[in-house]
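Beneath this line is the structure, given in structure tokens, with notes to follow.
The values are calculated or read from the model by the stated rules, or taken from the named source; none is laboratory data. Everything numeric in this text was worked out from a predicted model, so none of it was measured. With ideal geometry, Cβ positions are generated from the backbone for all residues, glycine too; neighbour counts draw on all protein chains shown.
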């Protein structure tokens, strides 16, 4: 029984996360599509964490080189994704906030 | 340590979800990215102490890790801070490609490393290979997308990348990569030329897939690659047993897929149509001949018409952003508002280079988002508008989409600018739009053409309105 639970729990995670992703986007006004695409682009920057683990386990120069590249690319994804999203979002203001 | 790390990863997943939720509403959007960013920082910090790293602690690897984070982070930070808003779509493409590349790199290390007695199950190995394939495709495809949108010389001519039998060649390359992947995962062949060939084929397929696609369709493709990267990250998350990667990756995969479908729908095309055909090949026959003549108008006359209008709708297109005229446009709008007019901005879903891009460009100029209306809201209002000002937009205001069945853009939702009492079109010259077709709007009786550089014309309009006192 435990093996069955262990087999199914990732599938539940998968299903629930997929529904969640769908729900989050489906009610978004068009004006936020570009920033939100950029925001989801930032979120998959979590790949950095996996790349760190991969590099941490590397034991040959080849593995270290690939791991190094992975961390570099992952960091670029996370950092770049954050700042472009932030730059776009901080410009969105309503007329009341600006006192126009 | 295991519990602490899992707790933090859980917290990160929660912060990502709350962050994305907040990002989906204009009033809370700005705080959303900060929430998600906090999650990312926490997850990164705690990962330095990940048991899978500390099990075979290596100072060299830690040093390499810090150097890689520093280099990748600084380059991306500098790029993100400097990029102009008009170039945002290709910037998103390149950061997305980096994520795909990182996922492929994780897979490569996982496959290459000495497994000893702990050979992963075939399911895990298949996931690693699938993630590698998808990640590598997203990487090379995104690099090509960046090159095309950045208008790098090499990518300039779409036609030179099109050849007969292209789809078959692509399918063959993809098929070969899949077969090699299966051999690697199920035959446990983890080294040598086979794995190199596998990665090369995957990279080649991504590039070949993106190369023949025209610039106008690129946003859909970028969004698709974004979903791909999410999926690749989730697959590698399963391989590493990393719950934060699984959840974040799947959320991006599903939301990215939905966003891709919504974008394609806004362009009245299917995703398959975007990927496997090209604009020029569309359309069933000769478009109807356009009748009438182009009637030019000088800026001072246009300014008078504008100044005495009680309702003005401005329809901006990418041409406005390229000319950097959005600041001038907002300056003019404020003048008109002071004179008592109602001013609204009408945004077509694909104005700019991706859905919502025009909103970003107007926001940059300081236009409050409640002045901006989308297609459904504004189309009813055109008949009551005294002046509709079209600036740098073309295909999205072409009435042929409504009434000419032979036109390649027939059926695409458009802004009904031609229903306004008067139409002014600011345009550089007499050329045609992306779709390469004449626009009947420009020849209509109520339309006047104001020729010139958008920024200069709007400056002249502002002067003209001010002169009226």
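Here are a few things to note about the model shown:
- Beta carbons closer than 6 Å, at least 6 apart along the sequence or on distinct chains, pair a first residue in segment B:68-87 that is in contact (Cβ under 8 Å) with a residue 24 or more places away in the chain and more than 7 Å from every other protein chain (Cβ to nearest Cβ) with a second that is in a helix (DSSP H, G or I) and buried (at least 16 other Cβ atoms within 10 Å of the Cβ) for B:85/B:360; B:85/B:361; B:85/B:364; B:86/B:321.
- Residues of segment B:359-371 satisfying the condition of being in contact (Cβ under 8 Å) with a residue 24 or more places away in the chain, surrounded by fewer than 24 Cβ atoms within 10 Å (Cβ to Cβ) and either outside any helix (DSSP H, G or I) or on the phi > 0 side of the Ramachandran plot (or both): B:366
- Residues in segment B:111-161 that are at pLDDT 85 or above and not in a helix (DSSP H, G or I) were compared, and the one that is nearest to residue B:202 (Cα to Cα) is B:113.
- Which numbered condition residue B:331 fails, given (1) more than 22 Å from the chain's Cα centre (by Cα); (2) at pLDDT below 85: (2)
- For segment B:379-400, taking the residues that are touching a residue at least 60 places away in the same chain (Cβ under 8 Å) and under 24 Å from the mean Cα position of the chain (by Cα), the one that is farthest from residue B:418 (Cα to Cα) is identified as B:392.
Rundown of residues vs (1) surrounded by fewer than 24 Cβ atoms within 10 Å (Cβ to Cβ); (2) touching a residue at least 24 places away in the same chain (Cβ under 8 Å); (3) more than 24 Å from residue B:10 (Cα to Cα), yes/no style:
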residue: A:45; (1), (2), (3): no, yes, no
residue: A:67; (1), (2), (3): no, no, yes
residue: A:70; (1), (2), (3): no, no, no
residue: A:79; (1), (2), (3): no, yes, no
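- Scanning segment B:45-76 for residues that are under 28 Å from residue A:89 (Cβ atoms) and surrounded by fewer than 17 Cβ atoms within 10 Å (Cβ to Cβ) turns up B:45, B:70, B:71, B:74, B:75.
- Scanning segment B:24-44 for residues that are in contact (Cβ under 8 Å) with a residue 24 or more places away in the chain and either more than 8 Å from every other protein chain (Cβ to nearest Cβ) or exposed (fewer than 14 other Cβ atoms within 10 Å of the Cβ) (or both) yields B:39, B:42.
- If you filter segment B:345-358 down to residues that are in contact with a strand residue (DSSP E or B) (Cβ under 8 Å, 6 or more places away or on another chain) and outside any loop (DSSP other than H, G, I, E, B), you find that the one that is surrounded by the fewest Cβ atoms within 10 Å (Cβ to Cβ) is B:345.
- Any hit, segment A:4-13, residues being at the interface with another protein chain (Cβ under 7 Å from one of its Cβ atoms), part of a helix (DSSP H, G or I) and buried (at least 16 other Cβ atoms within 10 Å of the Cβ): yes
- Of B:317, B:352, B:356, all but one fail to be touching a residue at least 12 places away in the same chain (Cβ under 8 Å) and within 18 Å of residue A:88 (Cα to Cα); the exception is B:352.
- Only one of A:74, A:45 that is closer than 30 Å to residue B:349 by Cα and facing chain B (nearest Cβ under 7 Å): A:45
- Filter pass, residue B:396 being within 14 Å of chain A (Cβ to nearest Cβ) and part of a loop (DSSP other than H, G, I, E, B): no
- Residue in segment B:96-103 that is closer than 17 Å to residue B:363 by Cβ, within 7 Å of chain A (Cβ to nearest Cβ) and within 16 Å of the chain's Cα centre (by Cα) present: no
- In segment B:222-238, of all residues being without any contact (Cβ under 8 Å) to a residue 60 or more places away in the chain and within 14 Å of the chain's Cα centre (by Cα), the one that is surrounded by the most Cβ atoms within 10 Å (Cβ to Cβ) corresponds to B:227.
- The criterion of being at the interface with another protein chain (Cβ under 7 Å from one of its Cβ atoms), touching a strand residue (DSSP E or B) at 6+ places or on another chain (Cβ under 6 Å) and free of Cβ contacts under 8 Å to residues at least 60 places away in the same chain does not hold for residue A:53.
- The residues listed here are B:241, B:192; of these, the one that is more than 10 Å from chain A (Cβ to nearest Cβ), on the phi > 0 side of the Ramachandran plot and without any contact (Cβ under 8 Å) to a residue 12 or more places away in the chain is B:192.
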